[in-house]
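Scroll down for the structure; my scribbles are underneath it.
Just so it is clear, none of the values below were taken in a lab; they were calculated from the coordinates. Note that the coordinates shown come from a computational prediction; the quantities given were computed from them, not determined experimentally. Ideal geometry is used to build each Cβ from the backbone, glycine not excepted, and the neighbour counts take in all protein chains shown.
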Amino acid sequence: MGNCWGAPPHDPANTEISQKSTHTSSRNRSDYGKSRFPALNEDKAFTNGQIFPTPNLRIFSLAELKSATRNFTGGTVLGEGDSDRVFKGWIDQKIPGNSATGTVIAVRILTTERLQKSQEWQSEINYWGRLSHPNVLRLLGYCWEDGHLYLVSEFMMKGSLWDHLLGRAGHIHSLPWDLRLKMAVGAARGLVFLHTLEKQVIYGNFRATNILLDGSYTAKISDFGFAKVDPSRSQVYMMDAYAAPEFAATGQFNAKSDVYSFGVFLLEMISGRRALDINRPMKEQNLVDWAKPFLCKEKKLFRVMDTKLEGQYSYESAQKIAQLVLKCLEGKPNHRPEMKQVVQKLEQLEAATTRVANSSSTSRG
């Protein structure tokens, strides 16, 4: 489901989330109504992320979430899929009924039968609630009532990256080259954080629809905790153009499988094309199959690059990012780079782009 945890791209909301939090404990539920979340911008002070000793989560009652989302009415719907729905809400309002004075949240309702029967969801939530990183969506709390799991996260004002690059907003405007690099770097840093945790997290569901954007277009990975809770869901998502060859062959994936999926995503970013597009001619429907021959030939690379980006990047930058994409898309996992190496390459490209932009600005001045 695209745009899963945030606002549609045209949403005018611009509420800064800055509240304090409480740890889950033996407190009365009434105490939670008075609690605050930690300032979400605290993540920025820990650019490499941090792990709390206990989950920074708030346990909500269903009544609280119904009040926050206006009883889950249509006006607050952010997105809907086969097994989940996402609503916008407001909590901790200083003036009752005035959403402008509250903290904006996203509430996701999981209804998958397999998830309802699973005993893993609690441990996944608790682990997710301990993580804090500028490029990983912050889970704020949850509710388990009436056979449904409600996940409460920070609200992402700009919605999903997919919408801006390939979805409805993409028909209105095009993301500039420097912004695409910024998003790619952010998403890659989020993956590095997950991959280098003591209890390594393999995302297994990396795609543009699961990358959300805040008001300054900072990319944050969402939905990583539940790819493994519901195996059938992982299989549905992975059996497409994002899936690494080893997954298609064995049904198993690892950190290098995430690298492959990131390579597909990076190819979408530079081409402005979807990983799988049945509306294109047969030979162009699978982006990886179509683009690979052009990526490895300097004189044909221009065929892959998004025409909306003309004049925004150097030929050298295009070559370097094409080489990085090819390395990520290697058929054998051990031939692919680690995500740390991917981040380093992208950061170098981003820095070079910034230098060129600054130089051009100075010369014009």
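Worth a mention:
- With the convex hull drawn over the C-alpha atoms of the range 243-365, the volume per residue is 105 Å³.
- Most tightly packed first, judged by the mean number of other beta-carbon atoms within 10 Å of their residues, the peptides 246-255, 127-136, 86-95 read 127-136, 86-95, 246-255.
- Proximity of backbone amide H atoms, modeled 1.01 Å from N, is registered between GLY141 and ARG58, VAL152 at under 5 Å, excluding neighbours fewer than 5 places apart on the same chain.
- FRET efficiency, 1/(1 + (r/R0)^6) with R0 45 Å, evaluated for THR101 and ASN48 via beta carbons: 0.85
- Built amide H within the under 5 Å cut-off of LEU149, gap 5+: LEU110
- For the range 266-329: rounded, prolate or oblate by the Cα gyration tensor [a/c cutoff 1.5]: prolate
- Highest-first packing order for the peptide set 273-280, 54-61 is 54-61, 273-280, based on the mean count of other beta carbon atoms within 10 Å.
- Cross-link pairs exceeding 31 Å between alpha carbons, from the set LYS66/LYS340; LYS283/LYS327; LYS66/LYS182: LYS66/LYS340; LYS66/LYS182.
- The range 181-332: proportion of alpha-carbon pairs further apart than 20 angstrom, %: 50
- If the chain linking LYS297 and ASP240 were pulled fully straight, counting 0.36 nm for each residue of separation and taking away their Cα-Cα distance, it would gain 17.9 nm.
- The share of C-alpha pairs in the range 125-186 whose separation exceeds 18 Å stands at 53 percent.
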